[in-house]
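For reference, the structure discussed in these notes is given below.
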Ligand SMILES: [Ca+2]
Ligand SMILES: [Ca+2]
């Protein structure tokens with residue numbers, strides 16, 4: 001009986017301490033934390049610009065947390081080198097959109113991004129450093145990639161036995177992006193291909209680039 005009594009006293013001491021009030025366990029914060037910062041290296045290549053979350057934060061992501069970049073021209077590609085923000089899903093609201101990449105070399109022009117397939121006769125809007133690289137591959141490609149050719153022979157268009165084909169820019173007029181130039185044309189002339197000099201105005205072309 002004496003041992004049982006001592007156990008009862010010990011139990012009471014364990015529960016209430018030595019004369020102190022019972023300890024109440026801390027209540028979990030009902031509001032999810034929204035300013036969690038995760039190392040970008042956990043989720044993708046680091047760019048050194050992680051600062052804060054842009055929306056929901058990463059504290060309670062059901063799946064992987066995503067790194068988001070500013071996409072001000074809303075073409076689905078984030079601005080290269082822009083500040084990265086992390087959130088479970090695409091941040092909503094605010095002055096501009098967000099993208100899960102930073103592949104946009106010109107975030108002021110929706111025509112320019114890595115998916116650009118078209119050629120253009122005017123440069124990228126508002127970006128004087130990369131005025132023509134619309135597909136962000138670091139190379140300016142020309143649509144009319146003709147060689148510069150000399151004019152070996154003239155002929156009258158009425159002599160053509162076939163339709164005219166463009167074969168090259170006039171030697172001295174190979175135009176830069178967005179500029180007009182003149183192209184030489186060929187046609188079948190009595191069974192032989194010839195090159196025409198100084199085509200008329202309708203054969204001027206604007207070099208387009210991307
Ligand atoms: Ca963009
Ligand atoms: Ca763009």
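Each reported figure results from applying straightforward, stated rules to the coordinates on display, with no laboratory input. Note that the structure is a prediction, hence the values are computed from the model and not measured. In this analysis, Cβ positions are derived from the backbone assuming ideal geometry, glycine residues included, and neighbour counts consider all displayed protein chains.
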**Asked** With (1) within 30 Å of residue 113 (Cα to Cα); (2) outside any strand (DSSP E or B); (3) in contact (Cβ under 8 Å) with a residue 24 or more places away in the chain as the list, and residue 181 as the residue in question, which single condition is left unmet?
**Response** (2)
**Request:** Quick one: in the stretch 102-151, of everything that is surrounded by 13 or more Cβ atoms within 10 Å (Cβ to Cβ), farther than 30 Å from residue 66 by Cβ and free of Cβ contacts under 8 Å to residues at least 40 places away in the same chain, which residue is nearest to ligand 1 (Cβ to nearest atom)?
**Result:** 146
**Prompt:** residue 115 versus (1) touching a strand residue (DSSP E or B) at 6+ places or on another chain (Cβ under 8 Å); (2) within 15 Å of ligand 2 (Cβ to nearest atom): which is the lone unmet condition?
**Reply:** (1)
